[in-house]
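What follows draws every value from the coordinates through simple rules; no lab data is involved. What you see is a predicted model, and the numbers here were worked out from it, not measured in a lab. Please note: Cβ atoms are built from the backbone with ideal geometry, for glycine as well, and neighbour counts cover all protein chains shown.
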Amino acid sequence: MLVYANRVSLPARYYVYVALQACKRQDPENKLGYKMAIAYITHHDCQLHDMGPGHPEQPARLSAINNRMIASGLEVVMQQYDAPLAKRGQLEAVHDPDYIDRIFTSTPAQGLAWIDADTAMNRCSLDAALRAAGAVVLGVDLVMQGKAKQVFCAVRPPGHHAERRRAMGFCLFNNIAVGAYHAINHYGLERVAIVDFDVHHGNGTEDIVAGDERILFCSTFQHPFYPYTGSGSRATNVVNTPLAAGSNGTDFRQAVTSQWLPRLEQFAPELMLISAGFDAHQADDMAGLNLVDSDYAWVTRKLCEQADMSAQSRIVSSLEGGYELHALARSVEAHINAFLGDDLFERSQAVLTALDS
Ligand SMILES: [Zn+2]
């Protein structure tokens, strides 16, 4: 800790202190050490998936997040895990065998193989995609086995546009759906919530889970906007919350409060999964919503409150979009920081603001 404290800033050192106190509180007997509460899963393979120069879904996204975890001090208080490769059977719970075969056989010897207009594979993409899905599976294992309370999967490619039989929108396998069905099939859970605050509608997740009442899927998204879905769903287990271009944090919070939270409370999930996309940030020019870092902290706290009530605090969050690297890294920090708890979160924010000014 002393070595660490000497190479990080004063705010980060205070942050570490606050986070350690939060870990103590979440695990009062400290049976598993300070790092018990929050797990962080990533893998170097996820940075080797590269769709070419200028593609917004780029390896630097993970570098930016990983660097922010170190600079903020959060790295010290999280358990670190390497993402395993998802197993074929885990993928088959959400994707057709023929589709999985197609992805497994599309790896090019060199260069890029384009799977759809904006989604390509290089020679490392298959392993990256298997680790992205495998990360969520491991996250589910950790929270279900009491080895962590909350998990963040810093992985790519993202997954929420991948449908049962189709890759699209930078996504190959639907990582969050793979995790949801692992929780259902392996642990026998009867109610799993998937919430998705990416700026794009999670069409792939809806395609996979619509009509399965064991899953409640809530999605906010800019509409009309890519992938131009989400306005006509009739599935009773899907809560689609379109937001007009230009909507800000106030609009987002009102929509979540009026549409997501009552359904989540009624559903009482045993596990909360988050498709955590940060491309609705006002600094992100991928789309036209105007969220800021604190909106991500707010929605995360609301989801924590629900998870505390019905899910033994179990949350597994997995990275989806977010393309402006600074806003992405800060927003992920705000998201994970919010796992620490209301009082400590607010205290640390107040102190950090004072130290920064
Ligand atoms: Zn997105």
- Item | With at most 15 other Cβ atoms within 10 Å, longest stretch of the chain clear of loop GluC sites (Glu not before Pro) (DSSP) | 30-189
- Query: Using alpha-carbon pairs under 8 Å, 6+ residues apart, how would you state the relative contact order of the chain in percent?
  - Reply: 18
- Under 12 Å from the 7 Å Cα→Cβ point of residue 266, by amide nitrogen: which residues of segment 212-241? 236-239
- Additional length obtainable on full extension of the chain from residue 44 to residue 82, 0.36 nm per residue less Cα span: 12.8 nm
- Would you mind ranking 200, 326 so that the residue whose beta carbon has the fewest other beta carbons within 10 Å leads the list? 326, 200
- Rounded to the nearest 5, the percent of antiparallel DSSP beta bridges in the chain equals 10
- Task: Please report 274, 194, 38, 103 as a ranked list, fewest other C-beta atoms within 10 angstrom at the top and most at the bottom.
- Result: 103, 38, 274, 194
- residue 93 and residue 105 label points (each 7 Å along its Cα→Cβ direction) are spaced in nm at 2.7
- Note on the structure: Taking the chain, the lysine pairs whose C-alpha atoms sit under 20 Å apart (8 or more places apart or on different chains) add up to 8
- Subtract the Cα-Cα distance of residue 185 and residue 114 from 0.36 nm times their separation in residues, and report this length gain in nm to one decimal. 22.3 nm
- Note on the structure: Going fewest to most other Cβ atoms within 10 Å around each Cβ, 63, 331 line up as 63, 331
- Note on the structure: Taking the dipole of segment 2-356 about the Cα centre (Lys, Arg +1; Asp, Glu -1; charges at Cβ), the one of 117, 221, 73 that reaches farthest to the positive side is 73
- Message: Quick check: from the Cα gyration tensor, does segment 67-149 come out rounded (a/c under 1.5), prolate or oblate?
- Response: oblate
- Message: Once you keep just the Cα pairs under 8 angstrom separated by 6 or more residues, what percentage relative contact order results for segment 214-352?
- Response: 23
- Dipole of the chain, positive end: most advanced residue of 137, 97, 283 [Cβ charges, Cα centre]: 137
- On a 0 to 90° scale, report how tilted helix 60-72 is relative to the longest principal axis of the chain, with both axes built from alpha carbons and the result rounded to the nearest 10. 10
- Centroid-to-centroid separation of segment 129-205 and segment 238-268 [C-alpha atoms, Å]: 21
- Gain upon complete extension [residue 251, residue 60; 0.36 nm per residue less C-alpha separation]: 65.7 nm
- Normalised per residue, the volume of the convex hull around the Cα set of segment 2-356 (Å³): 127
